[in-house]
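Peer 1: Let me give you the structure first, and then I'll get to my questions.
Values quoted throughout were computed directly from the atomic coordinates according to the rules given, and no laboratory measurement underlies them. Worth saying up front: this structure is predicted, and the values here are computed from it rather than measured. Virtual Cβ from ideal backbone geometry, glycine too; neighbours counted across all protein chains shown.
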Amino acid sequence: MYPLKRNRRLRQNSAIRNLVRETTLSPDDFLVPLFVTEGSGKKEEIASMPGYYRYSLDLLEKEVKALWALGLKSVLLFVKVPDNLKDNKGTEAINPDGLMQRAVKTVKNAVPEMLVMTDVAMDPYSSYGHDGIVENGKILNDASVDVLVEMSLSHAQAGADFVAPSDMMDGRILAIREAFEDDNFTDTGIMSYSAKYASAFYGPFREALDSAPVDLKGVPKDKKSYQMDYGNRIEALRETEIDIDEGADIVMVKPGLCYLDIVRDIKNEFDIPLAVYQVSGEYAMIKAAAEKGWLDHDAVVLEQLTAIKRAGADIIASYFAADAVKLLNR
Ligand code: PBG
């Protein structure tokens, strides 16, 4: 008790603060999401994500080399699919020469040791902007899982180290795992978006990939019939447990900041690597406030990323990964 205990002794200067700090960030914590587009010489800024870009394959190569030089060793790939290749069945998603499949090869060619994870979901390929096949106003589960399995196999064939199903269909982890085992992709891993909430924070991402649900009669306007209700907490444990049983190597909570209670629940409950996705809307909020001079960009970035790790994240997928590493190196 006071004065024997004075907690401020441990906060007097940065040397002692650093010595007793419980949570520190390192480049090894990060998974870098990358947006890929067709063409060449393209580096297109995403309007609602200032400072973040879509790259054509030639410039993607440069970008991954730059990330590697910063000590960032894992990427998560997303593709923007031209409208004329979209349909309701995800046909282009399983094209062995599709943009994703070429992107995997491009990254592996440029930096062979870079860990490559691929997004597995139908929405960038869907004419309706949904993560599954739409029929009679509903998103079909099992027929969509069949597409996700084919898609995963095609990513594995292209050389992906991990596939990352972000769709929230039931049973897809087991189906993908079994297909990998049958086809001799025993070393290809699965990072499951297991507790993925139906969140308004995905807006800028959907702009980046032009993948928002379309406004058409008979097409659900939102993803609430498959992504989780943000009022729920216990359900996240249930979803995660099922994905672990089905063979997920890594599980995920998404979005980040609003869901750190879920992150801690899962960390306490399960013994498996846990990823957290700090999503596009979280990125956009910080950028917008910083642009207005209302928040200190760098300080807020490090505070939020540290909070995500403190809550229990082993892996952080973040659009701020490169910024953060540069700040840590200062
Ligand atoms: C789609 C997918 C989404 C994100 C990752 N994969 C959007 C969605 O579910 O609508 C969001 C990522 C972000 O907002 O940064 N399967």
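Peer 1: Collect the residues in segment 164-177 that are crowded, with 24+ Cβ neighbours inside 10 Å and assigned to a helix (DSSP H, G or I), keeping them in residue-number order.
Peer 2: Passing the criteria: ARG172, ILE173, ILE176.
Peer 1: For the subset of segment 305-330 comprising residues that are part of a helix (DSSP H, G or I) and buried (at least 21 other Cβ atoms within 10 Å of the Cβ), which member is farthest from the ligand (Cβ to nearest atom)?
Peer 2: Step by step, filter segment 305-330, then rank; the result is ALA311.
Peer 1: Something else: Do any residues in segment 307-330 that are closer than 23 Å to ARG54 by Cβ have Cβ atoms under 6 Å from those of residues that are charged (D, E, K, R) and surrounded by 16 or more Cβ atoms within 10 Å (Cβ to Cβ), where the two are at least six apart or on different chains, and which pairs are they?
Peer 2: Between residues of segment 307-330 that are closer than 23 Å to ARG54 by Cβ and residues that are charged (D, E, K, R) and surrounded by 16 or more Cβ atoms within 10 Å (Cβ to Cβ), the close pairs are ILE316/ASP29.
Peer 1: Criterion first (within 19 Å of the chain's Cα centre (by Cα), within 17 Å of GLU181 (Cα to Cα) and surrounded by fewer than 20 Cβ atoms within 10 Å (Cβ to Cβ)) does ASP161 satisfy it?
Peer 2: Yes; evaluated as a whole, the condition is true for this residue.
Peer 1: Considering only residues that are within 17 Å of the chain's Cα centre (by Cα), assigned to a helix (DSSP H, G or I), closer than 19 Å to GLY171 by Cβ and not acidic (Asp, Glu), which ones fall in segment 105-150?
Peer 2: LEU148
Peer 1: Identify, by number, the condition in (1) in a loop (DSSP other than H, G, I, E, B); (2) within 18 Å of the chain's Cα centre (by Cα) that VAL253 doesn't meet.
Peer 2: Here VAL253 meets the rest and fails (1).
Peer 1: If you don't mind, there's one more thing I want to ask. Across segment 178-208, what is the total count of residues that are of a type outside the set (Asp, Glu), near the ligand (Cβ under 10 Å from one of its atoms), more than 16 Å from CYS258 (Cβ to Cβ) and surrounded by fewer than 22 Cβ atoms within 10 Å (Cβ to Cβ)?
Peer 2: Number of matching residues: 1.
Peer 1: Can you tell which of ASP243, ASP298 is away from the ligand (no atom under 15 Å from the Cβ), in contact with a helix residue (DSSP H, G or I) (Cβ under 6 Å, 6 or more places away or on another chain), acidic (Asp, Glu) and under 23 Å from GLY51 (Cα atoms)?
Peer 2: Details: ASP243 fails: under 23 Å from GLY51 (Cα atoms).
Exactly one residue qualifies, and that residue is ASP298.
Peer 1: Quick check on SER152: is it free of Cβ contacts under 8 Å to residues at least 60 places away in the same chain and in contact with a Lys or Arg (Cβ under 9 Å, 6 or more places away or on another chain)?
Peer 2: On the way: free of Cβ contacts under 8 Å to residues at least 60 places away in the same chain: yes; in contact with a Lys or Arg (Cβ under 9 Å, 6 or more places away or on another chain): yes.
Judged against the criteria, SER152 is a match.
Peer 1: Can you find, within segment 277-294, the residue that is farthest from the ligand (Cβ to nearest atom) among those that are surrounded by fewer than 17 Cβ atoms within 10 Å (Cβ to Cβ) and in a loop (DSSP other than H, G, I, E, B)?
Peer 2: Ranking the candidates gives GLY293 first.
Peer 1: Return yes when ASP123 is touching a residue at least 24 places away in the same chain (Cβ under 8 Å), out of contact with any Phe, Trp or Tyr (no Cβ under 6 Å at 6 or more places or on another chain) and more than 16 Å from the ligand (Cβ to nearest atom) and no when it is not. If you could, list the steps in order and put the result at the bottom.
Peer 2: Values: touching a residue at least 24 places away in the same chain (Cβ under 8 Å): yes; out of contact with any Phe, Trp or Tyr (no Cβ under 6 Å at 6 or more places or on another chain): yes; more than 16 Å from the ligand (Cβ to nearest atom): no.
Answer is no for this residue.
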